[in-house]
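Undergrad: For reference, the structure I am asking about is given below.
The values are calculated or read from the model by the stated rules, or taken from the named source; none is laboratory data. Here the structure is a predicted model, which is why all the values come from computation and not from measurement. Here the Cβ positions follow ideal geometry from the backbone for every residue, glycine too, while neighbour counts run over all protein chains shown. The accessibility values were calculated without ligands, DNA or RNA, using every heavy atom of the protein model including side chains. Shrake-Rupley method; radii C 1.70, N 1.55, O 1.52, S 1.80 Å.
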Amino acid sequence: AFLEPRLAGLHDPLQLKDMDLAVARTLQALDGGEPICLYGDYDADGMTSVALLVTFFNAIGVSVQTFVPDRLRDGYGLNVERVREICQGGVRLLIALDCGTHSLEEARLASSLGTDMIVLDHHEPGNELPKVAALVNPRRADCSFACKELASVGLAFYFAGAVRRALVASGRNVPAVDLKDLLDFVAIGTVADMVPLIEDNRVFTVHGLNRINHRPRCGVAALCAVADLDGRTVTAGNIAFHLAPRLNASGRLSDAAHSVDLLLARDAEEAKRLAGELDQENSDRRRIEAEVLDAVDEA
């Protein structure tokens, strides 16, 4: 299981507390044509979670809105004013990715504006949980899921799988979706978030790396090219030290949505342009860090 992890070794998503509620509320939104917004954190885990679910929903013929906060303007996690704007814009289902476990005020606001929230998060819960339609977090005290160390992108993958299973079981006419095609997102977000590469995370990473090395999507290929990984076998170490820093650079210096755009890119030239911008921002980030360190040393 450690040396040759198999997809068959993954756990049933419905073993996660509240996953059944998350699926039921999502199917309700799909049936009713309710506007859905994905609100992801501005790091690689949050961004890959957004990209994964956009890809999944688009594959089943559903368009969704996305929002990735600005680090300086919006701060960490869900932002009250941004939530207000999203809800007042007509969104009726807000899916929080890699954030939301501590968003008590934001959950109350969304509810008061007629919007339900689903939280897919892996951060340690506090003493009080937000009142939302579903809070899927393996670190909940009342969640018995075997793998407690999932990154949020792993939860997003399990959520997509559970939604697809429910759609098929209900007899709805939905396009066939191969979830294995989403595992490159899971590998990148999982390694970038530095969760232990054991159990489910190891399965995700091994098979996600296989996707990257044999059938890389447009944006990932462009990212590998600017990281001088073109033609090389990409490893978990390469994700940690070459790909993840470039994805994270946009959230630190400009707009994290640029990294999501790259992950979702379908045009090679557009992907090349976006990857080049992230590469430059990563260089700028390294220069700024060096300048700060020199200033500290001089002080």
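Undergrad: Which whole-number percent is the relative contact order of the chain (Cα, under 8 Å, 6+ apart)?
TA: The value is 20 percent.
Undergrad: Please go through region 1-86 and write out the chymotrypsin sites (Phe, Trp or Tyr not before Pro) that DSSP classes as loop and that have at most 12 other C-beta atoms within 10 Å.
TA: On the way: sites: 2, 39, 42, 56, 57, 67, 76; in loops: 2, 42, 76.
Listed in order of number, the matching sites are 2, 76.
Undergrad: Please give the residues of region 251-270, grouped as numeric ranges, whose backbone N is less than 19 Å from a label point set 7 Å along the Cα-to-Cβ vector of residue 290.
TA: 253
Undergrad: Straight-line reach from residue 180: which lysines fall under 30 Å, measuring Cα to Cα and dropping same-chain residues less than 8 apart?
TA: 17, 148, 272
Undergrad: Is the shape of region 148-225 best called rounded, prolate or oblate, per the rule: a/c under 1.5 gives rounded, else a/b larger than b/c gives prolate, else oblate, with a ≥ b ≥ c the square roots of the Cα gyration tensor eigenvalues?
TA: oblate
Undergrad: Which order, highest average first, do 140-146, 293-299, 260-266 follow once you tally other Cβ atoms within 10 Å for each residue and take the mean per peptide?
TA: Numbers: 140-146: 13.4, 293-299: 7.9, 260-266: 21.7.
The most tightly packed comes first, giving 260-266, 140-146, 293-299.
Undergrad: Another one. If I take every Cα pair under 8 Å that is 6 or more residues apart in region 166-299, average their sequence separation and divide by the length, what percent do I get for the relative contact order?
TA: This gives 21 percent for region 166-299.
Undergrad: Considering only protein heavy atoms and a probe of 1.4 Å, how much of the accessible area of the chain is carbon and sulfur, as a whole percent?
TA: 50 percent
Undergrad: Under a point spin-label approximation (7 Å from Cα along Cα-to-Cβ), what is the residue 11-residue 165 distance to one decimal in nm?
TA: Going by the 7 Å Cα→Cβ label model, 1.3 nm.
Undergrad: Which value at 222 nm does the chain reach when only helices count, each DSSP H run of 4 or more adding -39,500 (n - 2.57), with the total divided by all residues and rounded to the nearest 500 deg cm²/dmol?
TA: Helix-only estimate at 222 nm: -16500 deg cm²/dmol.
Undergrad: Further, regarding this structure: What do you reckon, how do 288, 60 stack up by accessible area (1.4 Å probe), largest on top? Intermediate values should be presented prior to the final figure.
TA: Values: 288 70, 60 20 Å².
Largest accessible area first, the residues go 288, 60.
Undergrad: Further, regarding this structure: I'd like the distance between the alpha-carbon centres of region 1-41 and region 45-88, rounded to an integer number of Å.
TA: Value for the Cα centre distance between the two parts: 16 Å.
Undergrad: OK, next. Sort the following peptides by mean Cβ neighbour count (other Cβ atoms within 10 Å, averaged over residues), highest first: 120-130, 102-112.
TA: So the order, starting with the most tightly packed, is 102-112, 120-130.
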